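Have a look at the structure below, then the notes.
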Amino acid sequence: MSDTEYHRPLGIGESAFEGLEDHLEDRSYEGREYRHVPDYRRGIERGTALIGGEVVRGFPKVPRTLVLETGIPTQFKDRVVVEEKLNGYNVRVVRLEGEQLAFTRSGMVCPFTTRIIERLVDLEALFDDHPEAMVCGEMIGPENPYTAHDYPEVDSLAFRAFDWRNRQSGEPLPVGERRERYDRYGVPQTRLFGSYDVDEAAGEVLGIVEELEAESREGVVMRSPDATRLLKYTTSVSTRSDLAYAFSLPFDYGQPFMFRRLLREGFRTIEADERGEDACERAHELGEAILLSMREAIDTVDDGGSVGERHTVRASPETVDALLEHLRDQGLTLEIESDRREDGDRVLTFCKRVQSSNDKIRNYLEGHVVTE
Ligand code: ATP
Ligand code: MG
């Protein structure tokens with residue numbers, strides 16, 4: 001397909017496509033050239049990839065409500081389906097020219113995920129029957145190169161489907177049909193809590209969130225039954241753990257990242273109708289998440305160490321090599337901390353170096369004076 005013809009499957013005009021082209025990033029995966037939309041653009045989902053004449057649609061941004069009682073009726077009309085929001089990394093799996101490829105959030109083919117997913121879930125029959133399918137889900141568990149969140153039911157890494165979309169149009173299957181199909185193909189899915197009337201949904205979701213809170217899980221994603229409207233809401237545990245992580249690398253996370261999370265807690269304490277001791281306890285926990293992690297980071301640098309993002313992966317040696325090349329290609333500096341073999345797999349722990357937090361913490365420790 002010539003370049004300009006991509007506007008057709010994307011469903012936009014030729015001149016709109018020309019406008020988009022400047023924002024596309026060029027990549028290649030094992031000799032295949034492709035382009036992707038790395039950030040949010042009007043009209044085209046972030047993460048959309050153009051490859052071999054095909055369009056692989058990005059996963060839409062999921063809006064969030066800070067207040068359930070008023071947010072739910074703003075987004076939904078009559079019924080709301082509530083499923084668990086898992087904390088891992090987003091992946092879309094498609095079959096192109098007979099080959100299965102896994103794309104991460106920004107639209108890059110991830111060589112690690114592409115290889116490892118074949119171990120985790122067999123999608124052959126699904127793609128034989130539905131070659132246009134885009135299997136959307138979350139990779140969860142401690143052993144992966146992008147996120148670090150533990151689930152008691154996952155030792156290393158697992159896949160959980162949460163959407164089935166057409167890869168070109170991005171259109172989703174209704175929730176019921178999607179759940180039934182994934183069941184039929186033996187694909188593990190995110191937990192379904194239930195379907196509720198809009199009027200009772202806020203109360204139900206608050207109860208579900210309390211349970212998730214107690215198990216340190218991330219939250220829920222609500223959908224209209226046809227799966228076209230989405231809304232997320234997350235637990236305070238997850239907000240605190242994001243904040244703790246961000247403040248452990250305080251100069252590498254954007255300040256809006258932190259501020260948005262602080263706001264969530266402000267609205268949560270009101271919706272939960274906390275006062276007195278309960279409100280103080282939330283304040284205390286929030287403060288601990290921020291200060292204790294920052295304290296540890298400063299202490300580490302003070303002791304001559306360095307801070308960074310540590311990950312462990314477990315896969316075939318070839319897969320690990322492909323991953324390291326992929327990460328280094330993106331300009332990341334990696335420090336290998338341990339590297340061993342277990343049952344034929346290579347188990348590698350590495351640290352993605354972050355520059356700003358290390359440099360700035362050291363400067364401030366050495367007495368750098370701030371003029372602000
Ligand atoms: P982005 O919206 O760009 O993905 P973000 O950091 O704002 O970035 P999250 O707050 O994690 O994203 O929320 C959206 C993400 O949640 C989805 O992209 C998806 O990877 C993940 N997710 C986990 N469980 C679900 C689910 N059940 N339904 C939809 N998305 C889910
Ligand atoms: Mg997430």
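The values are calculated or read from the model by the stated rules, or taken from the named source; none is laboratory data. What you see is a predicted model; the values in this text were computed from it and never measured. Heads up, the Cβs are rebuilt from the backbone with ideal geometry, glycines too, and the neighbour counts pull from every protein chain shown.
Kindly evaluate ALA246 against the criterion of being away from ligand 1 (no atom under 16 Å from the Cβ), closer than 30 Å to GLY287 by Cβ and outside the structural domain of THR312 (by TED's automatic domain parsing). No, not satisfied. Put simply, of VAL320, VAL347, VAL307, VAL301 the only residue that is touching a helix residue (DSSP H, G or I) at 6+ places or on another chain (Cβ under 6 Å), surrounded by 11 or more Cβ atoms within 10 Å (Cβ to Cβ) and closer than 30 Å to PRO111 by Cα is VAL307.
Would you confirm whether or not the range 247-264 contains a residue that is touching a Leu at 6+ places or on another chain (Cβ under 7 Å), in a strand (DSSP E or B) and crowded, with 19+ Cβ neighbours inside 10 Å? No: the range 247-264 contains no residue that is touching a Leu at 6+ places or on another chain (Cβ under 7 Å), in a strand (DSSP E or B) and crowded, with 19+ Cβ neighbours inside 10 Å. Has the range 289-304 got at least one residue that is farther than 30 Å from SER236 by Cα and not in a helix (DSSP H, G or I)? Yes, the conditions are met somewhere in the range 289-304.
A search for C-beta distances below 9 Å between a residue of the range 125-143 that is aromatic (Phe, Trp, Tyr) and any residue that is modelled with pLDDT of 95 or more, counting only pairs 6+ apart in sequence or on different chains, returns PHE127/VAL93; PHE127/VAL94; PHE127/ARG95; PHE127/GLN100; PHE127/ALA133; PHE127/VAL135.
Pick out the one residue from VAL175, VAL205, VAL220 that is closer than 14 Å to GLU83 by Cα and within 16 Å of ligand 2 (Cβ to nearest atom).
Just one listed residue meets the conditions, VAL220.
I'd like to check which helices (runs of 4 or more DSSP H) are fully inside the range 71-190 and have at least 2 residues that are under 29 Å from ARG35 (Cβ atoms) and touching a helix residue (DSSP H, G or I) at 6+ places or on another chain (Cβ under 8 Å). It comes to 111-120.
Scanning the range 66-101 for residues that are closer than 19 Å to ARG217 by Cα and within 16 Å of ligand 2 (Cβ to nearest atom) turns up GLU83, GLU84, LYS85, LEU86, ASN87, GLY88, TYR89, ASN90.
Within the range 223-239, being part of a helix (DSSP H, G or I) and either within 15 Å of ligand 2 (Cβ to nearest atom) or at pLDDT below 95 (or both) holds for VAL237, SER238, THR239.
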